[in-house]
Amino acid sequence: MIRELTVDKALPAGAAVRRALESRFGSRGGVARIYRLLAEEGVRLTPPPESGSVEALQHELKAMRGRAERAEEREKAHQTRWAEEIDQLRLRVARLEPIAQQASASQESNEFLRRQLQAAERRAALLEQQLYRLTQCEGQGAGVTSEPDQSSVSGNSTSSCSSDLSRAGASVVAAS
């Protein structure tokens, strides 16, 4: 389209190219793209100067400076973007750090409570065993006495019940 509108190596204006695109295709096209294509066509139409001439060297220098300026602009944009990204991440870490500390403290508290619960469950199990033995001994009609009676001498299980209870009591004291 640009080549069709070019007259005697004079490039058309960007607005003229956009009007022609709209009349032919129904869309004007992007402004940046149109002007980039016009610049590329201008470079193509300009004959290269003799190599080694002052004009060629000046043209090359101008092109190099343009590339360097664009590279610097890209680098500045890149640095700005990443500086903003790093700042946002630092703010996010600062916001989440207290939550992480709170979670750590909660985890330590949960671990402490879990250990206390396990110890209490062990003590409850020992107490249940003692209670069971006591009810067994009472069911046999044996009382807990410090002196052996006639039934213990004859081989009854009263002394074993008394010793079971005293051992169970010692184990509860040791467990707590």
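Remarks
- Any hit, the range 29-38, residues being more than 22 Å from THR6 (Cβ to Cβ), surrounded by 10 or more Cβ atoms within 10 Å (Cβ to Cβ) and among the hydroxyl-bearing types (Ser, Thr, Tyr): no
- Considering the range 41-91, the residues that are of a type in the set (S, T, N, Q) and not in a helix (DSSP H, G or I) include one that is modelled with the highest pLDDT, namely SER53.
The values are calculated or read from the model by the stated rules, or taken from the named source; none is laboratory data. This one's a predicted model, so the numbers in the text were calculated from it and none came from an experiment. Reconstructed Cβ throughout: ideal geometry from the backbone, glycine too, with neighbour counts over all protein chains shown.
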